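K.L.:
Quick one: the structure is below, and I'll ask about it shortly.
What follows draws every value from the coordinates through simple rules; no lab data is involved. None of these values were measured; they are calculated from a predicted model. Quick reminder, even Gly has a Cβ in these numbers, built from the backbone with ideal geometry, and neighbours come from all protein chains shown.
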Amino acid sequence: MRVLGISGSPRRGGNTDILVNTALEVLAGEGLETEFLSLADRPVKPCVACRGCFASDAIRCVQEDPAFEGMLDKFAQSDGLVIGSPVYFGSATPQIMALLDRVGYVAREHPQLLRRKVGAAIVVARRAGQITMSIQIDGNTTVRDLVGRFPQTRKVFEQYGIDYCCGGGKCLAEAAHESQAALPDLARDIETALAATSAKTATAEKDWYAAPLHELIDHILQVHHAYMHEALPRLGGLVGKVLHAHGAHHGDMLRQVQVLYGSLDTELTNHLRKEEEVLFPYIVAAEAHRQGGPEGPAACFGSVGDPIRQMEREHESAGEVLAQIRKATGGYALPDDACRTFRALYEELEQMEKDLHQHIHLENNILFPKANAAEASK
Ligand SMILES: Cc1cc2nc3c(=O)[nH]c(=O)nc-3n(C[C@H](O)[C@H](O)[C@H](O)COP(=O)(O)O)c2cc1C
């Protein structure tokens, strides 16, 4: 296996060179063959859209350019690519984009040039522009990646109405398109959220990626399951109360909310029980066993992926019911004659939706992938 690391910084020995080389050293330590390439002294010319590569059967760029010589071979012979660049005015450097544009255009006609290669972007910035640039280099950055690594971005996705829990596997461009947002606006707001995070807030949010699975499960149980066990029956009572008091004027809408809420309550109560009695104890026991503890009781399923897939389906379904409740209430728009209980109901339903999103995010985006990966590495 061969990995090509490219630095698009015009500064030899600068931060980008250091970081790309650091990544390559780790890969070399794993036994991979690596090569470092700096564009500092290689003024690769930009693509001129001559479409000569489209006309050629061979994988080549027809532009005369000594700095580009051998580049396509280096890409073709590599299984992995680490592409690094400093951010210059919110963008990757012209040096790296000239190279990527030309290789990318050749690959449109000859997709085998880049097919099945693994890639990673290294984005070097002083202050801002890193998200926009990471999208430029690696269009696959997902909502899940960002929320998982930077929980403070959650509120941006909420503002844009982007589902970061069940739909977290979408790349940013796709998520922006679906929520009819402009990608540059979304990228800018994510960057603002990242920049605004003080050191205090950054440390207040625990890095659940790095935590052991039993700690994460403990947190989910104590915070999110405990909340649901308390709130589910209480809000059911509140829905009934508001329907009784306001049925005369808002009966159709409130009856619809009551039916939807009833199905949510049943679904979630069963779902929590399955996680608490079957899946979570299994994951905790498997983790303890991997660390030298005794083998846990035999599972009633083949692979942990089976119950996980079922839990993900149930998450999706609960999220959909809450979205339907939101729609039925016109986005929790209170009628003029709403009393305090009516107001409390809407506030509590919104709170439940928020809590469920965070809860599902921790499971779908962190706990489940880690449990699957741990089983696969056995
Ligand atoms: C022309 C220019 C534009 C820059 N624009 C940005 C920017 O938009 N955002 C930012 O965070 N840093 C910006 N920087 C700072 C660089 O990204 C930062 O210093 C980086 O570490 C340089 O990488 P290097 O050491 O590999 O050259 C800019 C630097 C230069 C020279």
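K.L.:
Filter the GluC sites (Glu not before Pro) in the stretch 247-320 down to the DSSP loop ones having no more than 11 other Cβ atoms within 10 Å, then list what survives.
P.N.:
Loop-located and lightly packed - Glu295.
K.L.:
When only alpha-carbon atoms are used, what values of Rg and Dmax, in angstrom, describe the chain?
P.N.:
Expressed in Å, the Cα Rg and Dmax of the chain come to 25.5, 81.
K.L.:
Could you line up Tyr209, Tyr164, Tyr261 from fewest to most neighbouring Cβ atoms inside 10 Å?
P.N.:
The order, fewest Cβ neighbours first, is Tyr209, Tyr261, Tyr164.
K.L.:
Could you line up Asp41, Asp185 from fewest to most neighbouring Cβ atoms inside 10 Å?
P.N.:
Ascending number of Cβ neighbours within 10 Å: Asp41, Asp185.
K.L.:
Only helical DSSP H runs with n ≥ 4 go in: add -39500 (n - 2.57) per run for the chain, normalise by residue count and round the 222 nm mean residue ellipticity to 500 deg cm²/dmol.
P.N.:
When only DSSP H runs of four or more count, the value is -17500 deg cm²/dmol.
K.L.:
Arrange the following residues from fewest to most other Cβ atoms within 10 Å of their Cβ: Cys300, Cys165.
P.N.:
In order of increasing Cβ crowding within 10 Å: Cys300, Cys165.
K.L.:
Okay, moving on. For the stretch 1-154, max minus min Cα coordinate along each principal axis, in Å, sorted largest first?
P.N.:
48, 35, 30
K.L.:
A further question follows. Give the lysines reachable from Lys354 as a straight Cα distance under 19 Å; neighbours fewer than 8 places away on the same chain don't count.
P.N.:
Output for Lys354: Lys155, Lys206, Lys327.
K.L.:
I want the antiparallel fraction of DSSP beta bridges within the chain, as a percent rounded to 5.
P.N.:
Roughly 10 percent of the DSSP beta bridges within the chain come out antiparallel.
K.L.:
On a full-extension model of 0.36 nm per residue, what is the gain between Gln63 and Ala248, subtracting their alpha-carbon distance, rounded to one decimal in nm?
P.N.:
Here the answer is 59.0 nm.
K.L.:
Counting pairs of alpha carbon atoms under 8 Å apart in space and at least six apart in sequence, what relative contact order in percent does the chain give?
P.N.:
In percent, rounded to a whole number, it is 14.
K.L.:
Points 7 angstrom from Cα along the Cβ direction at Glu348 and Arg126: gap in nanometres?
P.N.:
Simple spin-label model gives 5.3 nm for this pair.
K.L.:
Ok, one more. How large are Rg and Dmax for the stretch 226-346 when only the alpha carbon atoms are used, in Å?
P.N.:
19.4, 64
K.L.:
Express in nm, to one decimal, how much length is gained between Glu375 and Asp337 on full extension, taking 0.36 nm for each residue of separation and deducting their alpha carbon distance.
P.N.:
Going from the current span to full extension adds 8.2 nm.
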